[in-house]
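Visitor: Questions regarding the structure given below will be posed in turn.
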Amino acid sequence: TRRPPRYAQTAVDDSPPRLLSGPAEPSNPALLMKNIAVSLTGCGLIALTVNVLKQPLILGYLLGGVLVGPIGLGIVESHVQINELSSLGLIFLLFMIGLELDIMALLKMGKVVLVTGGFQFPICAGVMVGLFMGLESIGLSFGTGPYASMYCGMVSGISSTMIVVKLLGEKGETDSQAGRLTIGILIFQDIWAIVVLAIQPNLANPEILGILKTFGMIFVLVAIAMAYAKFVMPAVLYHTSSNLELMLVMSLSWCFFICITANLPFVGLSMELASLIAGVALATFPYSAEFNGKIKYIRDFFITLFFVGLGMQIPVPTAGAIGRAC
């Protein structure tokens, strides 16, 4: 299942937008460095074993998180202790997706992307919600509350952008027609996630104005990014083109400038969505391939931590949970 990204803040939540969900904890640099060292050591050992067995490295990262996390050795007490840093991996990943995303190529695929992306989530989520409600009616429990089966069905109808894109990259299929179609569907899934997250805080009485405000802010952010990319960034990149290192720094500055703009309280969008928009805005420049080549090593480091943190969130398996999964 996919951990839903906080792509939008709703009208119900008046607090400043946070990149991460979960309780805030006091920052302790020494503890953070220790947890990162332990996490990388654990996932490295497990990933080596997994690679020998010819399994995906993501499995090794997840099992590494289980090993050093609360249900394993307990060296890292909570995933929250590394999440704030590891979520930078998702920002870098979406920025790179944006840099590689050829909007014109997607549009040329026309109805295939629009119809498949537009209807995949409603159809799959609807089928799975019906299935979980049927299982619940015969006595299986999927959690407390009146919407437990609905939540299970909805998360079953959506994929993990990070996992899918990472696997496409490892197989070299990102630029293939199937890869572009897959990324297009993932983008539509993320748009549906925005709608769901906007409605979710008050399912009995959805805030239509909150949803409209969210999409309005997305449109404004896209317009700002495209205006900067057309009138400001060409001059900036032209004057820095003689120094590749400086160009890389400027591209990252651009990414986080858009992220900070999206994170303003009156805008209320997330950094993840903003990084995708920032990447798409730079995709038309001839330097995008160089940016991707340099950023991917930074991205891989933070993505590793992301999956380790995800592994730490895996609960202790029980017979009941395993039975329901089977």
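Visitor: Any idea how many residues of the stretch 136-160 are touching a helix residue (DSSP H, G or I) at 6+ places or on another chain (Cβ under 8 Å) and exposed (fewer than 15 other Cβ atoms within 10 Å of the Cβ)?
Guide: 3
Visitor: From the list G126, G172, G130, G139, exactly one residue is more than 22 Å from the chain's Cα centre (by Cα) and in a loop (DSSP other than H, G, I, E, B). Which is it?
Guide: G139
Visitor: Something else about it: Hey, could you check the stretch 45-88 for residues that are within 24 Å of L168 (Cα to Cα) and small (G, A, S) and say which is farthest from the chain's Cα centre (by Cα)?
Guide: Result: A47.
Visitor: With respect to N51, is the statement that it is modelled with pLDDT under 85 and outside any loop (DSSP other than H, G, I, E, B) true?
Guide: No.
Visitor: Within the stretch 231-300, considering only helices (runs of 4 or more DSSP H) that don't extend past its boundaries, which have at least 3 residues that are within 27 Å of F188 (Cα to Cα) and open to solvent by less than 20 Å² (accessible area, probe 1.4 Å)?
Guide: Passing ranges, in order: 244-262, 271-282.
Visitor: From the list L244, L221, L203, L209, pick out the single residue that is touching a Phe, Trp or Tyr at 6+ places or on another chain (Cβ under 7 Å), among the hydrophobic types (A, V, I, L, M, F, W, C) and either modelled with pLDDT under 80 or within 22 Å of T284 (Cβ to Cβ) (or both).
Guide: The match here is L203.
The values are calculated or read from the model by the stated rules, or taken from the named source; none is laboratory data. This is a predicted model, so every value here is computed, not measured. Positions of Cβ are backbone-derived with ideal geometry, glycine not excepted, and every protein chain shown enters the neighbour counts. All accessible areas refer to the heavy atoms of the entire protein, side chains included, with ligands and DNA or RNA removed. Shrake-Rupley method; radii C 1.70, N 1.55, O 1.52, S 1.80 Å.
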